[in-house]
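Here the structure is laid out as structure tokens; the discussion comes afterwards.
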Amino acid sequence: MIIDIDEELLKEIKKIVKDSNLSIYEQLEQIKPLTTDNTLQQARKIKTQRVKQSIQETIKSLLDEDMKPTKYQIHKRTGIAYVTINKYYDVIIDEVLNGND
């Protein structure tokens with residue numbers, strides 16, 4: 001997960017938590033600052049790739065079961081929002097069908 005937080009604020013939070021909950025403090029200690037300016041873009045790209053891969057795997061699974069992969073079935077199996085499925089469905093189904101030829 002990527003969050004934007006001031007370093008000084010994070011240090012203050014660590015000080016407060018250190019005395020009350022050691023396990024949370026240890027988890028906070030593992031948080032490292034990001035060094036690139038485009039980290040949010042990279043995170044979005046990774047998430048998009050995961051969503052596309054999930055849609056692709058579901059389409060392949062449905063085809064393996066001799067079922068026609070509909071947007072409804074993909075939504076039911078993955079829980080991905082229809083808006084997102086609509087965005088990538090046509091391109092991914094073409095890739096899958098052309099890959100199966």
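Share of the chain's accessible area from carbon and sulfur, percent, 1.4 Å? Walk me through the numbers on the way to the answer.
Details: 4110 of 8170 Å².
On the chain, the fraction of accessible area on carbon and sulfur atoms equals 50 percent.
For a Förster distance of 22 Å, can you work out the FRET efficiency between the beta-carbons of D6 and N38, rounded to the nearest 0.05?
Working: r = 20 Å, r/R0 = 0.89.
The value I calculate is 0.65.
Got the relative contact order for the range 36-87 handy, in percent, Cα pairs under 8 Å and 6 or more residues apart? Each step should come with its number before you reach the end.
Values: 22 pairs, mean separation 14.3, N = 52.
Relative CO of the range 36-87 lands at 27 percent.
Rounded to whole Hz and in sequence order, give me ³J(HN,Hα) for the range 15-23 from the Karplus expression 6.51 cos²θ - 1.76 cosθ + 1.60, θ = phi - 60°, writing x for Gly and Pro.
Karplus-based 3J(HN,Hα) across the range 15-23 equals 4, 5, 6, 4, 7, 9, 8, 5, 5 Hz.
Which lysines have a Cα less than 21 Å from the Cα of K15, not counting those fewer than 8 places away in the same chain?
Within reach: K32.
If each residue of separation counts as 0.36 nm, what is the full-extension length gain between D64 and R77 once their alpha-carbon separation is subtracted? Could the numbers behind the result be given before it?
On the way: separation 13, 0.36 × 13 = 4.68 nm, distance 1.45 nm.
Once the chain is fully extended between D64 and R77, it gains 3.2 nm.
Compactness ratio of the range 1-87: Cα Rg over 2.2 N^0.38 Å, N = residue count? Intermediate values should be presented prior to the final figure.
On the way: Rg = 20.0 Å, N = 87, 2.2 N^0.38 = 12.0 Å.
My calculation over the Cα atoms of the range 1-87 gives 1.66.
May I ask for the net charge around I5, where only other residues with Cβ less than 11 Å from the Cβ of I5 are counted and Lys, Arg are +1 while Asp, Glu are -1? Mind dumping the intermediate values first?
Values: positive: K11; negative: D4, D6, E7, E8, E12.
Charge balance in the 11 Å sphere: -4.
Below 8 Å between Cα atoms, with a sequence gap of 6+, how large is the relative contact order for the chain in percent?
Working: 42 pairs, mean separation 20.1, N = 101.
This gives 20 percent for the chain.
Give the lysines reachable from K76 as a straight Cα distance under 28 Å; neighbours fewer than 8 places away on the same chain don't count.
Answer for K76, where 28 Å is the Cα cut-off: K45, K47, K52, K60, K68, K87, listed by chain and number.
For the chain, with every protein chain kept in place, what is the accessible area per residue (1.4 Å probe, Å²)? Write down the numbers at each step before the final one.
Numbers: 8170 Å² over 101 residues.
I get 81 Å² per residue for the chain.
The values are calculated or read from the model by the stated rules, or taken from the named source; none is laboratory data. None of these values were measured; they are calculated from a predicted model. Positions of Cβ are backbone-derived with ideal geometry, glycine not excepted, and every protein chain shown enters the neighbour counts. Note: areas computed on protein heavy atoms with side chains; ligands, DNA, RNA excluded. Shrake-Rupley method; radii C 1.70, N 1.55, O 1.52, S 1.80 Å.
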